[in-house]
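The values are calculated or read from the model by the stated rules, or taken from the named source; none is laboratory data. As the structure is a computational prediction, the values presented were derived from the model and not from experiment. Cβ coordinates were reconstructed from backbone atoms using ideal geometry, including for glycine residues, and neighbour counts include every protein chain displayed.
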Amino acid sequence: MSLLEETMAFQLKSAGIEFEREAQIIPGRKFAFDFSFPGRVLLEVQGGTFARGRTGHSSGMGIHRDIEKSNLATLAGYRLLACDEKHVTSGQALRWVQEALA
């Protein structure tokens with residue numbers, strides 16, 4: 001778990017929001033979502049979005065996997081939120097989660 005994910009978890013706990021980490025919600029697939037919430041809401045925290053180079057999630061194959069993962073979650077009836085470092089540090093990611101759960 002990244003420092004960014006730990007920061008998000010701290011914000012969620014401070015706001016009294018229940019969550020599960022690394023939730024595997026797609027039967028037969030090993031895709032894990034960073035945060036899962038009651039009401040079929042998911043949150044993916046994208047780290048390294050402003051880093052130089054194309055590795056991990058920013059590589060062609062990483063983007064391909066993320067698209068498949070997102071689409072399978074949507075088809076399974078989940079609402080998927082995504083955020084990056086700026087969204088977490090500004091509190092915007094927390095506000096999106098609160099809105100989705102309201």
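List every residue pair whose Cβ atoms sit under 9 Å apart, with the two residues 6 or more apart in sequence or on different chains, where the first one lies in the range 12-26 and is without any contact (Cβ under 8 Å) to a residue 40 or more places away in the chain and the second, anywhere, is in a helix (DSSP H, G or I).
Ser14/Leu94; Glu18/Leu12; Phe19/Ala9; Phe19/Leu12; Phe19/Lys13; Phe19/Val97; Arg21/Glu5; Arg21/Ala9
Against the condition of a type outside the set (Ser, Thr, Tyr), part of a helix (DSSP H, G or I) and surrounded by 13 or more Cβ atoms within 10 Å (Cβ to Cβ), how does Leu12 come out, does it pass? Before you say what the answer is, go through the steps one by one.
Values: of a type outside the set (Ser, Thr, Tyr): yes; part of a helix (DSSP H, G or I): yes; surrounded by 13 or more Cβ atoms within 10 Å (Cβ to Cβ): yes.
Here the answer is yes, as Leu12 does meet what is asked.
Quick one: Cys83 ticks every box in (1) out of contact with any Ser or Thr (no Cβ under 9 Å at 6 or more places or on another chain); (2) modelled with pLDDT of 95 or more; (3) over 18 Å from Met1 (Cβ atoms) bar one, so which box is it?
Condition not satisfied by Cys83: (3).
Condition first: free of Cβ contacts under 8 Å to residues at least 40 places away in the same chain and among the hydrophobic types (A, V, I, L, M, F, W, C). Now tell me which residues in the range 1-11 satisfy that.
In the first step, residues of the range 1-11 are kept if they are free of Cβ contacts under 8 Å to residues at least 40 places away in the same chain; the result is 1, 3, 6, 9-10.
Result: Met1, Leu3, Ala9, Phe10.
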